[in-house]
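Undergrad: One structure is given below, represented as structure tokens, and several questions about it will come after.
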Amino acid sequence: MSDRTTGDVEIAVIGRGLIGSAAARHLAETNRSVALIGPGEPADRTTSNGPFCSHPDEGRITRIAGRSEMWTTVAAQSIERYADIARRSGIEFHTPRGVLIGYPNGPEWQARAEVWGSDARIVERDWVREHTGIAISNGHPLLYEGAPAGYINPRRLVAAQTELARQANAFVVEAAVNRIERNSSGLFRLETSNGAVVARQLLVATGAFGSPLFEWKLKVERRARTTVMARLDDDQRIPSLLLDSPPDDRINEAYWVPPVRYPDGSVRIKIGGDLKATVLLDDADLVPWFRSDGDPVEIECLTNNLYALLPDAPLGDVVTAPCVITGTPSEMPYIGWVDDGVAVALGGNGSAAKSSDELGRIAASLFGESGWDSILSPGLFTPQLL
Ligand SMILES: Cc1cc2nc3c(=O)[nH]c(=O)nc-3n(C[C@H](O)[C@H](O)[C@H](O)COP(=O)(O)OP(=O)(O)OC[C@H]3O[C@@H](n4cnc5c(N)ncnc54)[C@H](O)[C@@H]3O)c2cc1C
């Protein structure tokens, strides 16, 4: 394999997912010489050897109201830039349909969100039933946040960020990095099936994958998750949902994205959750998991919840899919240096899609002359190694 000299860059971002594509855009738009390296989704996930991504979908919830100050801040800062990203890339990805949140400490979520201009307000159960068709019986305070809360299309957001990175002269390689070597001058040589790239510094944004490329190992959990997508026409009334202790409580929390159109033309509502008996995946388990159709127990539990929460909806046939959440002990993403010339930005903890632009911007700032640039403390994001 011959090196592509055009591939010699200051910074190589490994992983063209939600955080990596955002980081590469911010680096390129601040005139850094950057390569963004990562494959698209496998053409056939049932036979592919990966790597896979955690955004292989048409919908991810977006909202300002978050479960901590950190998550609220990065969401609000990202959402502020959605319109600019869509306008300049020509790729729309945001639908402001609102979100309903049912959590015991809902008023705390509301107070955090108000700081960032959210209209989140406590609503009555009867109001929810009448205006959305959702039947909730667990007694938690219910918080409704209107636009810009709703959902984003994560595939289109990656496409938009990649397009803007390209427009700002990033070198985009649509392939996985298979091997990394460091030469005597300290430069990294990254091998892909599309040629090699030589870089002075690396940003690793490989989500659940990528660990075998490096000797250092991060303290992360790869949590198996299943999603259920049921056919349902979009009646424009159903907002995004996040609900603690749902009716079938084999999951701690249920969430859904309102009906959206999938690539096969069907319109489906997608429900997911976090099974209490979560399966943790090792490197060797990841590919078999992504080739599967998910966990039968989780599928049954999610389907039960969908029927219980939308008792009047004409739900149709169901399809299922596997996904993986990369979790950290702090439930915050890792953004920081882990080795000489190597930084990471990963550990989305199931919440990073909506906030990926700000997480990518913070990661990009690590490579600037002044370093960390955020109102949030770097200590919140410090990567932990095994
Ligand atoms: C079922 C499910 C539902 C979710 N719902 C929501 C939601 O509603 N709202 C929300 O905000 N978040 C949600 N999330 C979380 C969100 O999708 C993730 O936090 C986000 O995708 C993480 O972004 P990332 O860039 O770290 O990883 P990814 O998006 O997975 O990107 C990592 C990329 O790295 C690439 N890669 C891996 N190895 C290599 C290699 N060797 N070389 C090159 N590239 C490589 C992969 O191909 C992939 O494209 C959900 C997650 C799951 C699993």
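Undergrad: So what is the relative contact order for the chain, in percent, with contacts set as C-alpha pairs under 8 Å and at least six apart?
TA: Relative contact order, the chain: 24 percent.
Undergrad: I need the shape label for the range 250-296. Rule: rounded when a/c is under 1.5, else prolate if a/b > b/c, else oblate, with a, b, c from the alpha carbon gyration tensor. Show your work: numbers first, answer last.
TA: Numbers: a/c = 3.33, a/b = 1.38, b/c = 2.41.
Cα axes put the range 250-296 in the oblate bin.
Undergrad: Can you classify the range 253-386 as rounded, prolate or oblate using the Cα gyration tensor, where a ≥ b ≥ c are the square roots of its eigenvalues, rounded means a/c under 1.5, and otherwise it's prolate if a/b beats b/c and oblate if not?
TA: prolate
Undergrad: Hey, another quick one. Which ³J(HN,Hα) values, rounded to whole Hz and listed in residue order, are derived for the range 114-125 from phi using the Karplus coefficients 6.51, -1.76 and 1.60 in 6.51 cos²θ - 1.76 cosθ + 1.60 with θ = phi - 60°, glycine and proline given as x?
TA: 4, 4, 9, x, 5, 9, 3, 9, 6, 10, 7, 4
Undergrad: Follow-up question, since we're still on this one. Go through the range 213-226 residue by residue and turn each phi into a ³J(HN,Hα) via Karplus (6.51, -1.76, 1.60, θ = phi - 60°); whole Hz please, and just put x for glycine and proline.
TA: 6, 10, 7, 6, 10, 8, 7, 9, 10, 9, 9, 5, 9, 10
Undergrad: Now a separate question. Report, in debye and to the nearest 20, how large the dipole of the range 278-386 comes out about its Cα centre when Lys and Arg carry +1 and Asp and Glu carry -1 on their Cβ.
TA: With only Lys, Arg, Asp and Glu charged at Cβ, the dipole is about 220 debye.
Undergrad: Over the range 238-386, calculate the relative contact order: mean separation of alpha carbon pairs under 8 Å at least 6 apart, over the residue count, as a percent.
TA: Values: 184 pairs, mean separation 22.4, N = 149.
Once divided by the residue count of the range 238-386, the mean separation gives 15 percent.
Undergrad: Can you tell me what share of the DSSP beta bridges in the chain is antiparallel? A percent to the nearest 5 is fine.
TA: Values: 54 of 75 bridges.
For the chain, the DSSP antiparallel bridge percentage is about 70.
Undergrad: How high is the relative contact order of the range 191-299? Use alpha-carbon pairs under 8 Å, at least six apart in sequence, and give a whole percent.
TA: Working: 137 pairs, mean separation 30.6, N = 109.
That works out to 28 percent.
Undergrad: Search the structure for amide H atoms under 5 Å from the amide H of VAL9, placed 1.01 Å from N in the peptide plane, and list their residues when 5 or more places away or on another chain.
TA: Placed amide hydrogens put VAL198, ALA199, ARG200 under 5 Å from VAL9.
Undergrad: Could you list ASP283, ASP317, ASP295 so that the one with the fewest beta carbons within 10 Å of its beta carbon is first and the one with the most is last?
TA: Listing ASP283, ASP317, ASP295 from fewest to most nearby Cβ atoms yields ASP317, ASP283, ASP295.
Undergrad: Each residue of the range 243-257 in turn: what ³J(HN,Hα) in whole Hz from Karplus with 6.51, -1.76, 1.60 and θ = phi - 60°, glycine and Pro shown as x?
TA: My calculation for the range 243-257 gives 9, 6, 6, x, x, 8, 8, 6, 10, 6, 8, 10, 9, 9, 10 Hz in order.
Undergrad: Can I ask one more? In what order do GLU145, GLU124, GLU253, GLU215 fall by count of nearby beta-carbon atoms within 10 Å, going from fewest to most?
TA: Ascending Cβ contact count within 10 Å gives the list GLU215, GLU124, GLU253, GLU145.
Undergrad: Using the 10 angstrom Cβ neighbour count as an exposure proxy, how do MET332, MET229 rank, fewest first?
TA: By the 10 Å Cβ count, ascending: MET332, MET229.
Undergrad: Just check the range 216-269 against the gyration tensor rule for me: Cα atoms, a ≥ b ≥ c as the square roots of the eigenvalues, rounded for a/c under 1.5, and otherwise prolate or oblate depending on whether a/b exceeds b/c. Let's see the in-between values first.
TA: Working: a/c = 2.74, a/b = 1.57, b/c = 1.75.
Oblate shape, in that a/c is at least 1.5 and b/c is the bigger or equal ratio.
Undergrad: Here's something else I'd like to know. Note down the magnitude of the dipole of the chain about its Cα centre, charges +1 on Lys and Arg C-beta and -1 on Asp and Glu C-beta and zero elsewhere, to the nearest 20 debye.
TA: Numbers: 38 positive and 50 negative charges, 116 e Å.
The calculated dipole for the chain is roughly 560 debye.
Undergrad: Helix 154-167 versus the longest principal axis of the chain: what angle, 0 to 90°, nearest 10, using Cα atoms?
TA: Once rounded, one gets 30 degrees.
Undergrad: Ok, one more. Hand me the chymotrypsin sites (Phe, Trp or Tyr not before Pro) from the range 196-304 located in a DSSP loop with no more than 11 other Cβ atoms within 10 Å, in residue order please.
TA: On the way: sites: PHE209, PHE214, TRP216, TYR255, TRP256, TRP289, PHE290; in loops: PHE209, PHE214, TRP216.
Filter output for the range 196-304: empty list.
Each reported figure results from applying straightforward, stated rules to the coordinates on display, with no laboratory input. The structure displayed is predicted, hence computed values, not measured ones. Reconstructed Cβ throughout: ideal geometry from the backbone, glycine too, with neighbour counts over all protein chains shown.
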